[in-house]
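The structure appears below as structure tokens.
The values are calculated or read from the model by the stated rules, or taken from the named source; none is laboratory data. On a predicted model such as this, the values are computed, not experimentally measured, just so you know. Here the Cβ is made from the backbone with ideal geometry for all residues, glycine too, and neighbour counts use every protein chain on show. Surface areas here come from the heavy atoms of the whole protein model, side chains and all, with no ligands, DNA or RNA. Shrake-Rupley method; radii C 1.70, N 1.55, O 1.52, S 1.80 Å.
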Amino acid sequence: MKLFGRKSAADRPSRPGPAGTKENTPSAPHRLTVELKRAETFATMLATSRGSRVIEVADLLAGMYICNWDRLSRYWEGGDQDAIERFLQGFCRISPQRWHAWIELYDRERREGEQTGWAPLRLLKKKTSSEKPPRPSAALTTIFQQAGQIAPSYDRVGNRSIPILTSECVLLCIVRNLGTDVGKKLVGTGLDADRLQYDALFPRRAPRGSTNK
């Protein structure tokens, strides 16, 4: 299912998630921009759907593609989207039929959310209300930590500086830190790694409510 040309709120300036969420508490190690939080929420759905207790890097990468393609597609200009999808389906261990079903679910949720507010976990909450949601895996936690180290923007909370993670920072760390094979395959799909690195480290605008380093 092609996502080129699909426009959404992902093109708007990013900002940290709403106050009160776990990643926005004073003790949180980082904060997520709205579009990255959306991808993380979708990654939680993927992990929950297979009964996993942890969210893998592959889950987040799939969520970033499905939810944030409008924002990230500029790093694949001229790339082969079929190759991108085949790579992600294989890396994320999702069949083409299930992959397209997730995209259709997201698009339906997004359209309905334009009026009622995007709440993709509402169906899962009915099934897993008594269960703890999956947590980031050790590998994903490492990616978040490394993204926090290069994040160009942060929030001040008392005497603490909390990095604000963007999709670009996290994708760059995934490319850098999942081994040369994965990185080469991502670049082989047409990813412009140099442009991604520049935008991750020197964004055109800072997330709202943040301070540039």
Amide proton proximity set for residue 54, modelled H, under 5 Å, gap of 5+: 135
Using the Karplus equation 6.51 cos²θ - 1.76 cosθ + 1.60 (θ = phi - 60°), what ³J(HN,Hα) coupling, rounded to whole Hz, does each residue of segment 57-68 give in order, writing x for Gly and Pro? 4, 4, 4, 5, 4, 5, x, 5, 5, 5, 8, 10
Amide hydrogen neighbours beyond the local backbone of residue 157, cut-off 5 Å, H modeled: 162
Spelling out what I want: for every residue of segment 88-96, take phi, set θ = phi - 60°, compute 6.51 cos²θ - 1.76 cosθ + 1.60 (Karplus), and round to whole Hz; glycine and proline get x. 5, 4, x, 5, 8, 6, 10, 5, x
J(HN,Hα) series, segment 36-49, from Karplus relation 6.51 cos²θ - 1.76 cosθ + 1.60, nearest Hz, glycine and proline x: 6, 4, 4, 5, 5, 4, 5, 4, 4, 4, 4, 5, 5, 5
Quick one: accessible area per residue over segment 129-196, 1.4 Å probe, rounded to a whole number of Å²? 50
Which whole-number percent of Cα pairs in segment 58-116 have a distance greater than 18 Å? 36
Straight-line reach only, C-alpha to C-alpha below 16 angstrom: list the aspartates and glutamates that residue 184 could link to, leaving out same-chain residues fewer than 8 apart. 80, 85, 192, 194
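Full extension from residue 81 to residue 184: what is 0.36 nm times the residue separation minus their Cα-Cα distance, to one decimal in nm?
Numbers: separation 103, 0.36 × 103 = 37.08 nm, distance 1.61 nm.
So the extension gain works out to 35.5 nm.
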For a paramagnetic label modelled at 7 Å from the Cα of residue 194 toward its Cβ, which residues of segment 68-109 fall within the zone defined by backbone nitrogen distances under 13 Å? none
Give the carbon-plus-sulfur fraction of the accessible surface of segment 68-111 in %, rounded to a whole number; probe 1.4 Å, heavy atoms of protein chains only. 47
